[in-house]
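**Q** I have a structure I would like to understand better, so I am pasting it below and will then ask my questions one at a time.
The values are calculated or read from the model by the stated rules, or taken from the named source; none is laboratory data. No experiment lies behind these values; they were computed from the predicted model shown. Here the Cβ positions follow ideal geometry from the backbone for every residue, glycine too, while neighbour counts run over all protein chains shown.
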Amino acid sequence: MLLRLQRYNITLVYKKGKELFLADTLSRAPLTTTGTETDDLQVMTLLSISDMRLEQLKKATACDSAMQQLTDVISRGWPSHINNAPPKAHPYFAFRDELVLDRGIILKGHKAIIPKSLRAEYIQILHEGHPGIEATKRRARDVVYWPSMCLDIEQSVSGCTVCNATKAHQQKEPLKSYPPPSLPWEHIGVDLFHWNGMDYLALGDSYSGWFDFASLDNTCASTVIEVLKRQFSIHGIPRIVISDNARQFDCFAFKQFAQSWGFQHTTSSPHFPQSNGLAESSVKRAKQLLEKTKRDGSDLYRNLLNIRNVPTNPQLGSPSQRLMSRRLRTTIPTPTPLLKPAIYTRVTAQLRKRQQQQKSSYDKSAKPLRPLTPGQVVRLQSPKGHDQLGIVQKHSRNPRSYIVNAQGTLYRRNRRHLLPVPEPPPQQQHSPDFYLPPQDPLPQPAIPHAPPPQPVLTRSGRISKPNPKFT
């Protein structure tokens with residue numbers, strides 16, 4: 001046909017339909033027979049799944065009333081308005097065009113819609129390996145779907161004991177410092193440390209920055225008290241002494257010493273040395289001085305004398321000037337007028353300014369943690385993780401500290417070491433608040449004791465109290 005058309009010079013001209021007054025050939029030759037047209041369908045498997053899992057999904061879908069309503073409306077066709085759809089199909093109306101049926105399973109695109117009876121099991125499968133809440137949700141959004149899927153995953157994974165026990169440390173809170181003292185040797189910190197096979201007691205003054213340390217024959221409370229008495233006889237009795245919770249300070253002998261000598265003894269939060277930063281800084285400086293003196297073989301006390309004469313800045317002077325209002329005489333030739341007493345009057349203001357600068361820098365990466373309430377379930381942080389489960393009893397008198405009951409034992413912990421978890425409260429072994437001497441038990445009839453009812457906690461961790469009108 002192309003060869004026959006070679007002799008013609010054909011020009012194609014477009015004409016609108018309204019300009020075609022004569023019907024074309026096909027319109028003038030219709031078919032004489034009528035019939036039903038059948039489409040050739042290409043069936044594809046939309047879901048890769050094992051036979052066992054397929055049968056499980058099919059049975060659960062067939063037994064779920066919401067899934068059956070959804071199957072019926074997909075088969076019959078969706079109405080034009082959501083109010084005309086079955087009530088249990090309303091959550092799927094927004095993406096109704098994506099829903100298809102494949103071997104008795106409802107799919108949203110390529111994602112299988114999981115019936116309600118299998119959702120808890122699928123959350124466990126998605127959380128295998130404990131990837132965390134967000135990672136589990138990302139994995140779920142990739143392969144499956146059901147309404148409120150992300151919320152169900154959050155509630156389930158947030159109660160995972162393995163994930164909670166291995167969580168990272170909590171965010172640090174804004175810096176909270178003691179108010180700067182107004183007098184020398186008014187506020188001191190003490191701590192024990194071990195160096196080169198020997199035990200030492202370190203002291204530091206918050207007002208002057210003066211630090212001192214003394215070797216100990218042993219770490220008994222009586223030895224520590226003897227060293228402190230020697231220091232107090234030189235510089236006076238402080239108003240506040242801060243220490244950690246070591247057995248030397250948390251004993252009856254030290255409490256009696258504080259009461260008889262008239263000073264207030266405050267302990268830092270257990271396992272939170274930052275709350276006793278003054279003593280920790282004194283320990284660090286003492287260890288550095290001991291190590292440097294050992295390396296060069298110089299005189300320890302001469303080095304300590306020189307360090308106490310180093311000015312902090314022109315406004316604050318040296319530790320000896322702030323504590324003793326004078327420079328200490330050393331081997332360096334010093335004019336006599338400089339060795340005369342001189343009182344620094346603006347030390348407290350300078351210390352307050354320095355605290356504000358430190359707080360401004362520290363708080364850039366800090367945020368406050370939500371306060372805890374009595375009865376709330378928490379996990380206690382240890383060097384190995386948040387392994388121990390407990391219940392908050394009350395707020396301690398110390399700032400950001402709480403009393404927690406864990407397996408019948410009361411602990412005081414800083415808020416940063418308490419991780420709130422939506423887990424069921426543990427069974428507590430209640431112990432008396434005071435010591436009872438052992439007595440011979442009297443014969444009692446065997447009466448079964450019912451376990452005490454556990455408090456019902458809301459999702460946020462608060463205790464749900466019943467309305468007295470209905471009890």
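**Q** Say we look at the range 96-141 and pick out the residues that are surrounded by fewer than 17 Cβ atoms within 10 Å (Cβ to Cβ), among the hydrophobic types (A, V, I, L, M, F, W, C) and free of Cβ contacts under 8 Å to residues at least 24 places away in the same chain; which of these is farthest from A168 (Cα to Cα)?
**A** Out of the qualifying residues, it is I125.
**Q** Ok, one more. Got at least one residue in the range 129-144 being modelled with pLDDT under 95 and more than 29 Å from the chain's Cα centre (by Cα)?
**A** Checked against the condition, which is being modelled with pLDDT under 95 and more than 29 Å from the chain's Cα centre (by Cα), the range 129-144 yields at least one hit.
**Q** Given the conditions (1) in contact with a helix residue (DSSP H, G or I) (Cβ under 8 Å, 6 or more places away or on another chain); (2) without any contact (Cβ under 8 Å) to a residue 12 or more places away in the chain; (3) charged (D, E, K, R), report the number of the one that K353 does not fulfil.
**A** Exception for K353: condition (1).
**Q** In the set A253, A258, which member is surrounded by 15 or more Cβ atoms within 10 Å (Cβ to Cβ) and either under 28 Å from N398 (Cα atoms) or among the β-branched types (V, I, T) (or both)?
**A** Numbers: A253 fails: surrounded by 15 or more Cβ atoms within 10 Å (Cβ to Cβ).
None of the others qualify; the one that does is A258.
**Q** Which ones in the range 310-327 are exposed (fewer than 12 other Cβ atoms within 10 Å of the Cβ), assigned to a loop (DSSP other than H, G, I, E, B) and either of a type in the set (K, R) or within 42 Å of the chain's Cα centre (by Cα) (or both)?
**A** V310
**Q** Ok, one more. How many residues does the range 265-321 hold that are within 19 Å of D199 (Cα to Cα) and either small (G, A, S) or in contact with a Cys (Cβ under 7 Å, 6 or more places away or on another chain) (or both)?
**A** 4
**Q** What's the number of the condition Q231 fails, among (1) touching a residue at least 24 places away in the same chain (Cβ under 8 Å); (2) out of contact with any Leu (no Cβ under 8 Å at 6 or more places or on another chain)?
**A** Status for Q231: all satisfied but (2).
**Q** Using beta carbons and a limit of 8 Å, which pairs, at least six apart or on different chains, have the first residue in the range 266-286 and closer than 20 Å to E186 by Cβ and the second one in a helix (DSSP H, G or I) and of a type in the set (S, T, N, Q)?
**A** S268/S275; S268/N276; E280/Q274
**Q** How many residues are within 18 Å of P115 (Cβ to Cβ) and aromatic (F, W, Y) if we restrict to the range 66-94?
**A** Within the range 66-94, residues that are within 18 Å of P115 (Cβ to Cβ) and aromatic (F, W, Y) number 1.
**Q** Just the residues that are free of Cβ contacts under 8 Å to residues at least 40 places away in the same chain and surrounded by 13 or more Cβ atoms within 10 Å (Cβ to Cβ), please, taken from the range 375-388.
**A** Matches in the range 375-388: L380, Q388.
**Q** Continuing with the same structure: Let me confirm something: among S361, S382, which residue is of a type outside the set (F, W, Y) and at pLDDT below 90?
**A** Of S361, S382, the one residue that is of a type outside the set (F, W, Y) and at pLDDT below 90 is S382.
**Q** A follow-up question, please. Go through (1) of a type outside the set (G, A, S); (2) in contact with a strand residue (DSSP E or B) (Cβ under 9 Å, 6 or more places away or on another chain); (3) farther than 21 Å from V157 by Cβ; (4) without any contact (Cβ under 8 Å) to a residue 40 or more places away in the chain and name the single condition R397 misses.
**A** Of (1) of a type outside the set (G, A, S); (2) in contact with a strand residue (DSSP E or B) (Cβ under 9 Å, 6 or more places away or on another chain); (3) farther than 21 Å from V157 by Cβ; (4) without any contact (Cβ under 8 Å) to a residue 40 or more places away in the chain, only one is false for R397: (2).
**Q** Would you list the helices (runs of 4 or more DSSP H) that sit entirely within the range 51-139 and hold 3 or more residues that are over 30 Å from K167 (Cα atoms)?
**A** Correct list: 51-63, 65-76.
**Q** While we're here: Has the range 339-347 got any residue that is among the aliphatic types (A, V, I, L, M) and buried (at least 17 other Cβ atoms within 10 Å of the Cβ)?
**A** Yes, because at least one residue in the range 339-347 is among the aliphatic types (A, V, I, L, M) and buried (at least 17 other Cβ atoms within 10 Å of the Cβ).
**Q** Follow-up. Collect the residues in the range 343-360 that are assigned to a loop (DSSP other than H, G, I, E, B) and more than 17 Å from G209 (Cα to Cα), keeping them in residue-number order.
**A** Within the range 343-360, no residue meets the criteria.
**Q** In the range 174-187, which residues are crowded, with 16+ Cβ neighbours inside 10 Å and either assigned to a strand (DSSP E or B) or within 16 Å of the chain's Cα centre (by Cα) (or both)?
**A** Of everything in the range 174-187, just one residue is crowded, with 16+ Cβ neighbours inside 10 Å and either assigned to a strand (DSSP E or B) or within 16 Å of the chain's Cα centre (by Cα) (or both), namely H187.
**Q** With the condition kept exactly as written, say whether any residue in the range 77-85 is modelled with pLDDT under 95, closer than 22 Å to D152 by Cα and among the aromatic types (F, W, Y).
**A** no
**Q** Does Q350 satisfy the criteria of being surrounded by 11 or more Cβ atoms within 10 Å (Cβ to Cβ) and at pLDDT 95 or above?
**A** So Q350 does not fit the description; no.
**Q** Go through the range 160-173 and count every residue that is surrounded by 14 or more Cβ atoms within 10 Å (Cβ to Cβ) and either free of Cβ contacts under 8 Å to residues at least 24 places away in the same chain or in a loop (DSSP other than H, G, I, E, B) (or both).
**A** Matching residues across the range 160-173 total 5.
**Q** Look through Q350, Q315 and report the one residue that is touching a Lys or Arg at 6+ places or on another chain (Cβ under 7 Å) and closer than 25 Å to E186 by Cα.
**A** Q315
**Q** What are the residues in the range 1-50 that are outside any loop (DSSP other than H, G, I, E, B) and either of a type in the set (K, R) or modelled with pLDDT under 70 (or both), if any?
**A** Within the range 1-50, R4, R7, K18 meet the criteria.
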